[in-house]
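Comments concern the structure below.
The values are calculated or read from the model by the stated rules, or taken from the named source; none is laboratory data. Quantities reported herein were computed from a predicted structural model and do not represent experimental measurements. Positions of Cβ are generated from backbone atoms using ideal geometry, with glycine treated the same way; all protein chains shown enter the neighbour counts. Protein only, heavy atoms only, side chains kept; ligands, DNA and RNA dropped before computing areas. Shrake-Rupley method; radii C 1.70, N 1.55, O 1.52, S 1.80 Å.
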Amino acid sequence: MAASPPPLSGQDEGSFAYLTIKDRIPQILTKAIDTLHRHKNEMFEKHGEKGIEAEKKAISLLSKLRNESQTDKPIVPLVEKFADTDIWNQYLEHQQGLLNDSDGKPRWFYSPWLFVECYMYRRIHEAVIQSPPIDDFDVFKESKEQNFFESQESIMALCIHLRELMQIIEHLDENQLKDEFFKLLQISLWGNKCDLSLSGGESSSQKTNVIHSLEDLKPFILVNDMEHLWSLLSNRKKTREKASIVRVDIVLDNSGFELVTDLILVDFLLSSNLATEIHFYGKMIPWFVSDTTIHDFNWLIEQVKYSDHKWVSECGANWENYVKTGRWVYHDHIFWTLPHEFCAMSQVAPDLYAELQKAHLILFKGDLNYRKLTGDRKWEFTVPFHQALNGFHPAPLCSIRTLKAEIQVGLQPGQGEQLTASEPNWLTAGKYGVFQFDGPL
């Protein structure tokens with residue numbers, strides 16, 4: 001097999017990676033610093049002078065980080081002891097070993113973009129955990145909650161759609177069930193547009209009813225493997241014994257509106273008997289501005305449960321019940337916030353790889369997961385998805401992603417070039433999406 005191509009990096013001036021490191025990373029750090037400033041009084045009320053000192057320290061560490069990135073300083077090891085500190089520092093050494101430079105130090109614009117971007121979020125976390133007693137402060141919590149509240153009308157429309165569907169689900173024939181499955185898959189796909197790291201932390205809520213836009217959005221799905229997902233799950237439903245398990249795992253991306261679309265999809269999978277249990281994977285620390293943590297997951301279910309609208313509230317109560325009865329299981333694992341591509345998982349986190357192998361289907365939401373699945377490399381557009389996964393095949397899997405990075409594989413010959421000619425930013429605008437499946441057909 002041919003060697004993998006080099007990773008995307010900020011050394012390609014004008015590339016999306018370059019612009020992320022040059023503009024978006026400082027913007028995100030400035031917003032994090034501003035958030036800490038605005039919570040100064042709250043920190044004083046809660047912790048007295050110690051809170052103020054901690055806030056100043058965290059701001060000083062983040063300001064230093066912003067300066068390091070803007071002036072392309074060498075990337076330095078992590079210092080604060082945490083569950084993953086040693087793995088991170090080993091990875092940094094590994095990056096150093098790949099360099100031919102005379103000073104041999106990885107730098108912001110010359111290291112792989114995936115590594116640099118993950119490193120920045122890990123350093124934000126380090127600045128906070130180095131600043132007790134505010135060491136559990138989530139600098140992104142406010143924007144995540146704002147995204148949820150600003151998307152209320154869309155969330156209500158989706159919850160009402162789900163409750164209406166639940167009332168007739170037992171009477172649907174196979175084709176009707178398949179149509180509903182495809183509809184909810186597409187809603188989950190376009191929900192992935194709500195990404196706060198792409199907007200530098202600015203509002204990216206969903207204000208329109210996405211259900212009404214699905215037909216108009218269909219032409220923007222570049223790879224559509226929904227049929228494979230239907231075949232896999234409907235065949236299992238037909239052939240399984242009464243008491244046997246069908247497990248679908250979902251590696252989450254953004255909280256807020258996108259998470260609601262994901263929960264609605266997997267609620268449908270249980271209600272239609274296409275699956276019997278759902279396993280979720282989120283982030284252990286605040287990550288890429290809007291990524292889901294266990295706090296975000298529980299908070300959102302509670303918000304939906306306490307909605308004033310009866311049917312929305314019913315959704316929340318059902319979701320809480322799924323968690324209580326073990327039909328929904330949430331997993332934390334440090335691997336999801338490491339810089340490694342997923343093909344390294346079986347070596348770096350064999351316990352997680354073994355857990356994923358128990359799934360009948362794994363859904364990977366969003367752009368960062370896609371970048372890690374494919375190694376964030378300069379693949380040709382026509383390279384098969386299976387090849388780009390580089391040996392990562394724990395179970396049948398599907399990427400559900402709107403495009404926000406300059407990487408896409410598995411396209412038809414000429415498709416990528418045609419898009420580039422007509423829309424130069426098609427890879428990064430979040431306008432196009434894919435359902436890309438890998439597994440036995």
Select from segment 88-109 the residues that are crowded, with 18+ Cβ neighbours inside 10 Å and in contact (Cβ under 8 Å) with a residue 60 or more places away in the chain and write down the one among them that is farthest from residue 372 (Cα to Cα). 108
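Please specify each residue of segment 32-49 satisfying the condition of being out of contact with any Phe, Trp or Tyr (no Cβ under 9 Å at 6 or more places or on another chain) and in a helix (DSSP H, G or I). Please lay out each step first, then the result.
To start, the set of residues in segment 32-49 that are out of contact with any Phe, Trp or Tyr (no Cβ under 9 Å at 6 or more places or on another chain) comprises 33-34, 37-38, 40-42, 44-49.
33, 34, 37, 38, 40, 41, 42, 44, 45, 46, 47, 49 - these are the residues of segment 32-49 that are out of contact with any Phe, Trp or Tyr (no Cβ under 9 Å at 6 or more places or on another chain) and in a helix (DSSP H, G or I).
Here is a yes/no grid of residues against (1) open to solvent by less than 70 Å² (accessible area, probe 1.4 Å); (2) out of contact with any Leu (no Cβ under 9 Å at 6 or more places or on another chain):
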| site | (1), (2) |
| --- | --- |
| 143 | yes, no |
| 150 | yes, yes |
| 153 | no, yes |
| 169 | yes, no |
| 174 | no, yes |
| 185 | yes, no |
Got a sec? Which of 244, 213 is within 30 Å of residue 16 (Cα to Cα), modelled with pLDDT under 95 and in the same structural domain as residue 322 (by the TED database)? 213
Assuming residue 48 fulfils every condition listed in (1) of a type in the set (Gly, Ala, Ser); (2) more than 28 Å from residue 333 (Cβ to Cβ); (3) open to solvent by less than 10 Å² (accessible area, probe 1.4 Å) apart from one, which condition is it? (3)
Could you tell me whether residue 360 is open to solvent by 20 Å² or more (accessible area, probe 1.4 Å) and either assigned by the TED database to the domain that holds residue 113 or in contact with a Leu (Cβ under 9 Å, 6 or more places away or on another chain) (or both)? yes
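Identify all residues within segment 1-29 that are assigned to a helix (DSSP H, G or I) and either in contact with a helix residue (DSSP H, G or I) (Cβ under 7 Å, 6 or more places away or on another chain) or at pLDDT below 95 (or both); write none if there are none. So that I can check it myself, show each step before the final result.
Of segment 1-29, the ones assigned to a helix (DSSP H, G or I) are 16-29.
Across segment 1-29, the qualifying residues are 17, 20, 21, 25, 26, 29.
Go through segment 227-252 and count every residue that is under 16 Å from residue 329 (Cα atoms) and touching a residue at least 60 places away in the same chain (Cβ under 8 Å). Talk me through it step by step, then tell me what you get.
Applying the first criterion (under 16 Å from residue 329 (Cα atoms)) to segment 227-252 yields 245-252.
Now restrict to residues that are touching a residue at least 60 places away in the same chain (Cβ under 8 Å): 246-252.
Of the residues in that region, 7 qualify.
Scanning for something open to solvent by less than 50 Å² (accessible area, probe 1.4 Å), in a helix (DSSP H, G or I) and among the small types (Gly, Ala, Ser), does segment 60-70 turn up at least one residue? Even if it seems obvious, please write down each step before you answer.
First pass over segment 60-70, keeping only residues open to solvent by less than 50 Å² (accessible area, probe 1.4 Å): 61-63, 65, 68-69.
Among the residues that remain, those that are also in a helix (DSSP H, G or I) are: 61-63, 65, 68-69.
This time we only want the ones that are among the small types (Gly, Ala, Ser), so: 63, 69.
Taking every residue of segment 60-70 in turn, at least one turns out to be open to solvent by less than 50 Å² (accessible area, probe 1.4 Å), in a helix (DSSP H, G or I) and among the small types (Gly, Ala, Ser).
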